[in-house]
Amino acid sequence: MTTQTRRQALALIATAFAAASPAWAQTPIRLGLTPVFLDNDGEVIERLRAALVRGTGRPIELVQRRTYQEVTGLLLEGGVDAAWLCGFPFLQHEARLALLGVPVWRGAPLYQSYLIVGADDPATGLSDLRGGTHAYSDPDSNSGWLVTVSDIVRMGEAPEAFFARTLFAYGHRNVTRAVAGGLTRSGSVDGYVWEALAAVEPALTARTRVISRSERLGFPPFVTRREAVADPAVTTLQAAIFGLNTSPEGQEALRLLQLDRVEAGTPSLFDGIRSRMRDVQGT
């Protein structure tokens, strides 16, 4: 190939790339959301979407599903570019997933699982709930399932026999409602969600009472597939979530989410969840 021919070929490639760039820039970035505090809250979802549009300069599609399993499946199959997931399913698929960032709540990228009962219930701890009815959030939720089940295992008891009846409410707000309404005696909830609800729906949380708090564990992270870490959509999204606290739109989204910011995380943040997974897997 002569120098002139090579130049012509490169010019054609550059022209094609330039023509394609606007279309690429208009391709939505898809972020999966699990049903935590965001469920049924259109304003929070829209504010988050607007902030990410501002931060990325790209259309943003927020994809919600009812269960953690559905969102995790979408991510693994390439149906979304990234997801705001729970630490438990992240660790279940850690060989295929990579951290993008971890939200900071009340000064740290950590949260707790709460064990709640009705406001007038005399229970003071998990052992008092033996033989009662209990609401879990999701079978792939750390705070809404794993913590309580591993606590039962650590007591030397069988989780499947500890409660008389259990149900999955699929959403921490729904667990709170189940306990507040007397549908179940107790429930396992995300402490961040319960505290957020206490600020925006105090009449709901006032009908419940926290009787136990877990150790502080890694906050639900933003994750992507390992092979997608360098994808332009993913790197653009990561920069936008790190920069949420630097724009008016991002600051408003963080305010509604009651979060400080999003920062880089490390897998060691989730060691406490790993320990509880080992306890349950060993039974």
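Some observations on this one:
- Across the range 232-244, the qualifying residues are those that are buried (at least 17 other Cβ atoms within 10 Å of the Cβ) and not small (Gly, Ala, Ser), and the one among them that is farthest from the chain's Cα centre (by Cα) is Thr236.
- Residues within the range 110-161 that are of a type in the set (Phe, Trp, Tyr) and out of contact with any Gly (no Cβ under 8 Å at 6 or more places or on another chain), tallied: 1
- Of the residues screened, Leu99 is one that is surrounded by fewer than 23 Cβ atoms within 10 Å (Cβ to Cβ), in the same structural domain as Arg255 (by TED's automatic domain parsing) and in contact with a helix residue (DSSP H, G or I) (Cβ under 9 Å, 6 or more places away or on another chain).
- Subset of the range 143-181 (residues that are hydroxyl-bearing (Ser, Thr, Tyr) and more than 16 Å from the chain's Cα centre (by Cα)): Thr148, Ser150, Thr166, Thr176
- The residues of the range 252-272 that are over 20 Å from Arg216 (Cβ atoms), touching a residue at least 40 places away in the same chain (Cβ under 8 Å) and not hydrophobic (A, V, I, L, M, F, W, C) amount to a single one, Glu252.
- Whichever residue in the range 8-48 is charged (D, E, K, R), surrounded by 11 or more Cβ atoms within 10 Å (Cβ to Cβ) and modelled with pLDDT under 95 and, among such residues, is farthest from Gln251 (Cα to Cα): Asp39
- Just one of the numbered conditions (1) out of contact with any Asp or Glu (no Cβ under 8 Å at 6 or more places or on another chain); (2) outside any loop (DSSP other than H, G, I, E, B) is not true of Leu254: (1).
- Candidates Asp128, Asp140, filtered to the one that is assigned to a helix (DSSP H, G or I) and either at pLDDT below 95 or not small (Gly, Ala, Ser) (or both): Asp128
- Considering the range 176-188, the residues that are of a type in the set (A, V, I, L, M, F, W, C) and not in a loop (DSSP other than H, G, I, E, B) include one that is farthest from Gly118 (Cα to Cα), namely Ala178.
- Number of positions in the range 197-231 that are surrounded by 15 or more Cβ atoms within 10 Å (Cβ to Cβ) and free of Cβ contacts under 8 Å to residues at least 40 places away in the same chain: 3
- The residues in the range 189-220 that are of a type outside the set (Lys, Arg), in a strand (DSSP E or B) and more than 22 Å from Ala108 (Cα to Cα) can be counted, and the count is 2.
- Residue in the range 178-187 that is at positive phi and either at pLDDT 95 or above or buried (at least 20 other Cβ atoms within 10 Å of the Cβ) (or both) present: yes
- Screening the candidates Val104, Val153 for the property of being assigned to a strand (DSSP E or B), surrounded by fewer than 20 Cβ atoms within 10 Å (Cβ to Cβ) and modelled with pLDDT of 95 or more yields one hit, Val104.
- Residues in the range 248-283 that are surrounded by 15 or more Cβ atoms within 10 Å (Cβ to Cβ), of a type in the set (Gly, Ala, Ser) and more than 15 Å from the chain's Cα centre (by Cα): Gly250, Ala253, Gly272.
The values are calculated or read from the model by the stated rules, or taken from the named source; none is laboratory data. All of these numbers come straight from a predicted model, not from anything done at the bench. Note that each Cβ is placed from the backbone with ideal geometry, even for glycine, and that neighbours are counted across all protein chains shown.
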